[in-house]
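Contents: one structure, followed by commentary.
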């Protein structure tokens, strides 16, 4: 089980920009990187079209999601999580989020009106420690 997510400042900026650009609708994307034991190391936050385009839910565009997965795999990386925004509510999983998370072992990062938090589902909702890298990416 993942209990920590490490993510670069630049990628958090991408997610915050998505939150603002798509208000009042939810935005979404994937977190590409590697797993090191129980730590998910995010190397890229990649925006993906929300094919639902609603204020209360998201659905990653299937083709874009597949392309992201395929590209990550070619580079020896994986999708370690997803992110989505709650532009007018807090960064806490909604009922829909919780139901969907039960079928997903990756990290869910939520950017809400009150900040960002990360979660996993492990026989229930669990908060994940977020560590922000302020340095420059080496890739």
So residue 35 and residue 103, fully extended at 0.36 nm per residue minus their Cα-Cα distance, gain in nm 22.6 nm
Averaging 1/r across every pair of distinct alpha carbons in the stretch 10-81 and inverting yields a Kirkwood hydrodynamic radius, in angstrom, of 12.7
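Of the beta bridges DSSP finds with both residues in the chain, what % are antiparallel, to the nearest 5?
Working: 25 of 40 bridges.
The answer is about 60 percent antiparallel.
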Rounded to the nearest 500, the 222 nm mean residue ellipticity computed for the chain from DSSP H runs (n ≥ 4, each -39500 (n - 2.57)) alone is -7500 deg cm²/dmol
In whole percents, the bins of 10 Å from zero upward hold the Cα-Cα pairs of the chain as 13, 46, 36, 4
For the stretch 4-133 the mean separation of alpha carbon contacts under 8 Å (6+ apart) over residue count, i.e. relative contact order in percent, is 27
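Where a number appears in this text, it was derived from the coordinates with a stated rule and is not lab data. Nothing here was measured: the structure is a model prediction, and the numbers come from that model.
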